[in-house]
Amino acid sequence: MELTVSELNGETARRFAQAAMGHVVREYPHKLDHVLGGDEDALPPRVLHPCFYGSYDWHSCVHGWWTLLTLRRLYPDMPEAAEIAALANSTFTEEKLAAELAYLDRPGSAGFERPYGWAWLLYLHLEAGRHGGAPWAGRLEPLARAFAARLRRYLDILTYPIRTGTHFNTAFALLLSREWAEVFDPELTPLIDRKAADWFADDRACQAWEPGGDEFLSSALSEAMLMQRALGQEQFRQWFADFLPDRAQRRPATLFAPVTVSDRSDGKIAHLDGLNLSRAWAWRTLQPDMGAAAPLARDAAEMHLSAALPHVTGDYMGEHWLASFALLALLARPV
């Protein structure tokens, strides 16, 4: 079934929820981020990660859970809401989360899921805190705090930002982490803002050398969304005008045109559907600061959504993660 609307509705919510419930508990196929220290470390995903063993990889399972909890909050009366709550109750137990936390203490786990999975775990914890009466946020908090501590240490040693449009992108990770920090760690927020300014404040006339062939994030627009939050409105608008000085002429042209996905059964090429969705999220978020070019941002968001929404489900290489980025785009509101 193709989606032709650019706003979230009950039918779409159920479709996304059913897809996510189908993959957060699907163990195989699975791609581990796991360093073996010996034969004894050769263990199946469900043993290594009793909470986040599904969805092809750990980080996709984490943001699959973010998708489920978000939909449960927004549509509490849909039939899937009760199923989501029951599954969360059996997944986010103290014992299972203690095992996830203990995994971080392994000698080979220092770089585990850095920084993409870290940011999504913080974002999941933030969402869990919006479900009053449920125990999930309290149980997830030690794991979230552990990743926040890792992020703080990482920012201390990261000399240069990583700008690639994949899991290693610095701006995207800080974007999600900053939202968590505003609620749970007031000292982390100014650190993120300082690092964002140090890395990106002097960027001018962005050339937007994208898309890369397997990217799912816009390096340029992820940076802009982070700066939108890290700077005051007046300062950001001046920075943004310098960063994309020709936006009224739809330049760089690549940022305004959806990308083509040639083979959705190829996990890397399927990333490009995510790029369309993440750009839609970005253009919707940035639109209020586009000035006279705001209609161009709106149109670009709609075109990117139209290109990607029909393909959120259908092939497991995209289905195990794309709904999260579709939800980010559909829920995007001005900062």
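The values are calculated or read from the model by the stated rules, or taken from the named source; none is laboratory data. Nothing here was measured: the structure is a model prediction, and the numbers come from that model. Please note: Cβ atoms are built from the backbone with ideal geometry, for glycine as well, and neighbour counts cover all protein chains shown. Surface accessibility is based on the protein's heavy atoms, side chains included, excluding ligands, DNA and RNA. Shrake-Rupley method; radii C 1.70, N 1.55, O 1.52, S 1.80 Å.
Tabulated data for the structure shown
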quantity	calculated
Top-ranked residue of the range 120-157 - restricted to ones that are farther than 12 Å from L188 by Cβ and among the basic types (K, R), ranked as surrounded by the most Cβ atoms within 10 Å (Cβ to Cβ)	R139
Out of A173, A257, A224, A241, sole residue that is within 26 Å of F112 (Cα to Cα) and modelled with pLDDT of 95 or more	A173
Criterion (outside any loop (DSSP other than H, G, I, E, B), more than 24 Å from F168 (Cβ to Cβ) and modelled with pLDDT of 95 or more) met by exactly one of S60, S90	S90
Filtered residues of the range 17-50 (kept if under 25 Å from E80 (Cα atoms) and open to solvent by 70 Å² or more (accessible area, probe 1.4 Å))	Q18, R26, Y28, R46
Residue within the range 190-201 that is in contact with a Phe, Trp or Tyr (Cβ under 8 Å, 6 or more places away or on another chain) and open to solvent by 10 Å² or more (accessible area, probe 1.4 Å) present	yes
Selection count where residues are part of a helix (DSSP H, G or I) and either of a type in the set (D, E, K, R) or surrounded by 14 or more Cβ atoms within 10 Å (Cβ to Cβ) (or both), scope the range 223-247	17
Odd one out for R279, checked against (1) crowded, with 21+ Cβ neighbours inside 10 Å; (2) assigned to a loop (DSSP other than H, G, I, E, B)	(2)
Flag if A220 is assigned to a helix (DSSP H, G or I), under 29 Å from G318 (Cβ atoms) and hydrophobic (A, V, I, L, M, F, W, C)	yes
Qualifying residue in the range 167-180 (condition: over 21 Å from G274 (Cβ atoms) and of a type in the set (D, E))	no
W65 being under 22 Å from H271 (Cβ atoms), open to solvent by less than 10 Å² (accessible area, probe 1.4 Å) and either in contact with a Leu (Cβ under 6 Å, 6 or more places away or on another chain) or modelled with pLDDT under 95 (or both)	yes
Any hit, the range 76-87, residues being within 19 Å of the chain's Cα centre (by Cα) and not small (G, A, S)	no
Scan of the range 202-222 for residues that are of a type in the set (F, W, Y) and either surrounded by fewer than 21 Cβ atoms within 10 Å (Cβ to Cβ) or under 22 Å from T189 (Cα atoms) (or both), ordered by number	W209
Selection status of A196, assigned to a helix (DSSP H, G or I), over 22 Å from L331 (Cα atoms) and under 21 Å from the mean Cα position of the chain (by Cα)	yes
Restricting the range 253-269 to residues that are assigned to a loop (DSSP other than H, G, I, E, B) and in contact with a Leu (Cβ under 8 Å, 6 or more places away or on another chain), the residue that is most open to solvent (accessible area, probe 1.4 Å)	T260
Condition met for R114 (part of a loop (DSSP other than H, G, I, E, B) and surrounded by fewer than 15 Cβ atoms within 10 Å (Cβ to Cβ))	no
The one condition in (1) open to solvent by 20 Å² or more (accessible area, probe 1.4 Å); (2) among the polar types (S, T, N, Q); (3) modelled with pLDDT of 95 or more that S6 fails to fulfil	(3)
Members of the range 133-172 found to be more than 30 Å from R72 (Cβ to Cβ), of a type in the set (D, E, K, R) and assigned to a helix (DSSP H, G or I), listed by number	R152, R153, D156
L175, sole failed condition from (1) open to solvent by 10 Å² or more (accessible area, probe 1.4 Å); (2) touching a Leu at 6+ places or on another chain (Cβ under 7 Å)	(1)
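Table: residues versus (1) under 18 Å from Y75 (Cβ atoms); (2) in contact with a Pro (Cβ under 8 Å, 6 or more places away or on another chain).
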| residue | (1), (2) |
| --- | --- |
| Q287 | no, yes |
| G291 | no, no |
| P295 | no, no |
| M303 | no, yes |
| T313 | yes, no |
| G318 | no, no |
| W321 | no, no |
| R333 | yes, no |
